[in-house]
Amino acid sequence: MIWAVAWRNIWRNKGRSNVIIAAIAIGIFAGVFIWAFYNGMIAQRIQSAIITESSHIQVHHRNYLADPDQKYFLPDSDSIYSVLKSLPYVKEVSRRLIVNAMISSAETGSGIRVVAIDPGEEAKVTNISENLKEGTYLEGRRTPIIIGEKLAEKLSVELRSKLVLTLQTMDGTLTRGSFRIAGIYRTSNTMFDEANVFIRRDDLTGLINIGHDESH
């Protein structure tokens, strides 16, 4: 009885009822669409951060995440590398040295993070090598450097331009090193592109006086 009365009442004014039904339908559709859009965007951002920046798992000195100072390194990373590589559920491993520095061109300078890598190892755990817009992946040149497209625009540089890194050695002394741009990369994160440069580990170890078997 109640349902029958309610049904007749709905269609007593068809115009009003159709407007309300349409408004509810549009509202539900819009809510579901926005939720799905943002959920997909967040999932894509997380996946992009894993593939481009962090990989799935990182191993640090116990104090490094609270205070990412270059003094908090792993003193025997070669042994850690060998142990991790031997685990059956570990696919690939890459060692990195990470230091903060100033980068300067003939035009201007900027504060950046230097990520010193083994090119072969890093190419197996992140996709920086696949995101090169131009140039090569730390190959064929003495002291090569890869920088983001956004940073290249900021410094007004291009391929083969000379850049100078100013950074601290392990005892706190300021030192400088000259590098040539071997490649320019572009990812979906322009803030990452502007703040991170990549060089070879071997080119950084001698510059800051850190051991070849030490990593961050």
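Computed quantities for the displayed model
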read-out: Unique residue being acidic (Asp, Glu) and touching a Phe, Trp or Tyr at 6+ places or on another chain (Cβ under 9 Å) when the list is Glu153, Glu214; value: Glu214
read-out: Extreme residue, nearest to the chain's Cα centre (by Cα), among residues of the stretch 118-163 that are within 25 Å of Arg176 (Cα to Cα) and part of a strand (DSSP E or B); value: Gly148
read-out: Count - residues of the stretch 95-117 that are of a type outside the set (A, V, I, L, M, F, W, C), under 19 Å from the mean Cα position of the chain (by Cα) and surrounded by fewer than 19 Cβ atoms within 10 Å (Cβ to Cβ); value: 4
read-out: Identity of the residue in the stretch 123-150, of a type in the set (D, E, K, R) and in contact with a Phe, Trp or Tyr (Cβ under 8 Å, 6 or more places away or on another chain), that ends up farthest from Ile208 (Cα to Cα); value: Lys133
read-out: Tally, over the stretch 145-192, of residues that are in contact with a Gly (Cβ under 7 Å, 6 or more places away or on another chain) and free of Cβ contacts under 8 Å to residues at least 12 places away in the same chain; value: 0
read-out: Filter result (more than 19 Å from the chain's Cα centre (by Cα) and among the charged types (D, E, K, R)) within the stretch 18-66; value: Arg62
read-out: Subset of the stretch 180-203 (residues that are more than 22 Å from Gln70 (Cα to Cα) and out of contact with any helix residue (DSSP H, G or I) (no Cβ under 9 Å at 6 or more places or on another chain)); value: Arg180, Ala182
read-out: Test: residue in the stretch 10-20 that is among the β-branched types (Val, Ile, Thr), at pLDDT 90 or above and touching a helix residue (DSSP H, G or I) at 6+ places or on another chain (Cβ under 7 Å); value: no
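The values are calculated or read from the model by the stated rules, or taken from the named source; none is laboratory data. Please read all numbers here as calculations on a predicted model, not as lab measurements. Counting neighbours? That spans all protein chains shown, and the Cβs are built from the backbone with ideal geometry, glycine included.
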